[in-house]
Amino acid sequence: MNSVKGILLLLFSFVVAFTLVECKKELILSERVQQLSDAGLKKPVLRFNSEKFRQYVKSTPRNYSVIVMFTALAPSRQCGICRQAHEEFQLVANSWRYSQGYSSKLFFALVDFDEGPDVFQQLRLNSAPVFMHFPAKGKPKKVDTLDIQRVGFAAENIARWVAERTDIQIRVFRPPNYSGLLALVVLLALVVGLLYLRKNNLDFLYNKTTWALGALAFTFAMTSGQMWNHIRGPPFLQKTQAGNIAYIHGSSQGQFIVETYIVAVLNAAVVLGMILMTEAANKRDDVRKRRIYAIIGLGLVAFFFSLSLSIFRSKAHGYPYSFLLK
């Protein structure tokens, strides 16, 4: 009988102790959520060092998700992309903070390399910026890291990725940008002014060369990927894991902004070569001059087309064909 009472007393003590522990955990969790909520009302992007990262992101239990941007904003780090990405990240966090659906289920945070180098080491991060989602339950998976090389880091793309990982929809509100409208007004004013000054002589409007150059410039811009840049918002360029600068994206699924400029110049050089060869064939004057045109044109087409094909081979891995350059 005494043994039964002893067992019951032991079980009762265990239940009481377990309940106290759980209550303490809930109290600690509620305190953390309250601290995050209070800080989030002041700054939509919370700045964490190593200690705060362990306290608010790694500690369990958690009933909230955290989107963390790992970056290096110090001028000494010379990470221009980090600053651009930070502006877009800040835009998403501000949009979430002032949205009607704002709650304590999602927080945005930032860890700078100079303030938390051990966090970078722990997560095996050797580049920046990196965006990671830390879910309320479980550990982050591969899809919880934003693939900025494929989708870029535009605020709209970050918000779309956040919605995929958390089921929380964030409508991005960008502040009005009147630079495009201002540029259009200035351009129209210049055109109107030019037409007014040349109102007695508008023959230049019928100049085929002017319209041809304008059409070529538009074509180069479109075929080089400028619309892709506008939609996806890729980085201007990127540092590799070895610390070098990459001007050409290593995959056919992405590109850098500087890469579009390079492609546009290569296309322009090929077209210039074709024009020179066409002029050489159509002209009926000095044979020596025509020969020079033809040789220069052929050289431009051969070299720059080979260079374009070489870049394509480096992006489309396994493409078997090459010309002059590999």
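The values are calculated or read from the model by the stated rules, or taken from the named source; none is laboratory data. For clarity, every value in this text was computed on a predicted model and none was experimentally measured. Cβ: placed from backbone, ideal geometry, glycine included. Neighbour counts: every protein chain shown. We work out accessible area using only protein heavy atoms, side chains counted, and drop any ligands, DNA or RNA first. Shrake-Rupley method; radii C 1.70, N 1.55, O 1.52, S 1.80 Å.
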- Given (1) part of a loop (DSSP other than H, G, I, E, B); (2) farther than 20 Å from E164 by Cα; (3) among the aromatic types (F, W, Y), where does Y102 come up short, assuming only one miss? (2)
- Message: I'm checking my understanding of the structure. Among residues of segment 105-162 that are hydrophobic (A, V, I, L, M, F, W, C) and touching a Ser or Thr at 6+ places or on another chain (Cβ under 6 Å), which one is farthest from S76 (Cα to Cα)?
- Response: A136
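Table: residues versus (1) out of contact with any helix residue (DSSP H, G or I) (no Cβ under 7 Å at 6 or more places or on another chain); (2) acidic (D, E); (3) under 21 Å from V33 (Cβ atoms); (4) assigned by the TED database to the domain that holds V45.
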{"site": "Y64", "(1), (2), (3), (4)": "no, no, yes, yes"}
{"site": "Q90", "(1), (2), (3), (4)": "yes, no, no, yes"}
{"site": "N94", "(1), (2), (3), (4)": "yes, no, yes, yes"}
{"site": "R97", "(1), (2), (3), (4)": "no, no, yes, yes"}
- Task: Name every residue in segment 51-76 that is of a type outside the set (F, W, Y), buried (at least 16 other Cβ atoms within 10 Å of the Cβ) and closer than 21 Å to P117 by Cα, in order of residue number.
- Result: K52, V57, V66, I67, V68, M69, T71, A72, L73
- Message: Looking only at segment 276-326, filter to residues that are of a type in the set (K, R) and part of a helix (DSSP H, G or I); which one of those is farthest from the chain's Cα centre (by Cα)?
- Response: R288
- Taking segment 156-171 as the region of interest, how many residues are open to solvent by less than 30 Å² (accessible area, probe 1.4 Å) and either without any contact (Cβ under 8 Å) to a residue 40 or more places away in the chain or farther than 19 Å from G138 by Cβ (or both)? 6
- Which of the residues belonging to segment 305-321 are open to solvent by less than 50 Å² (accessible area, probe 1.4 Å) and out of contact with any His (no Cβ under 7 Å at 6 or more places or on another chain)? S306, S308, L309, S310, I311, A316
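For every residue, the table says whether it meets (1) in contact with a Gly (Cβ under 7 Å, 6 or more places away or on another chain); (2) outside any helix (DSSP H, G or I); (3) modelled with pLDDT of 80 or more.
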{"residue": "R171", "(1), (2), (3)": "no, yes, yes"}
{"residue": "L184", "(1), (2), (3)": "no, no, yes"}
{"residue": "A189", "(1), (2), (3)": "no, no, yes"}
{"residue": "K199", "(1), (2), (3)": "no, yes, no"}
{"residue": "F204", "(1), (2), (3)": "no, no, no"}
{"residue": "W211", "(1), (2), (3)": "no, no, yes"}
{"residue": "G214", "(1), (2), (3)": "no, no, yes"}
{"residue": "G250", "(1), (2), (3)": "no, yes, no"}
{"residue": "Q253", "(1), (2), (3)": "no, yes, no"}
- Query: So is T166 in contact with a Ser or Thr (Cβ under 9 Å, 6 or more places away or on another chain), closer than 23 Å to T60 by Cβ and among the polar types (S, T, N, Q) or not?
  - Reply: yes
- Counting just the residues of segment 123-140 that are of a type outside the set (G, A, S) and farther than 23 Å from T166 by Cβ, which one comes out least open to solvent (accessible area, probe 1.4 Å)? N126
- Message: Can you find a residue that is of a type in the set (S, T, N, Q) and in contact (Cβ under 8 Å) with a residue 12 or more places away in the chain anywhere in segment 312-326?
- Response: yes
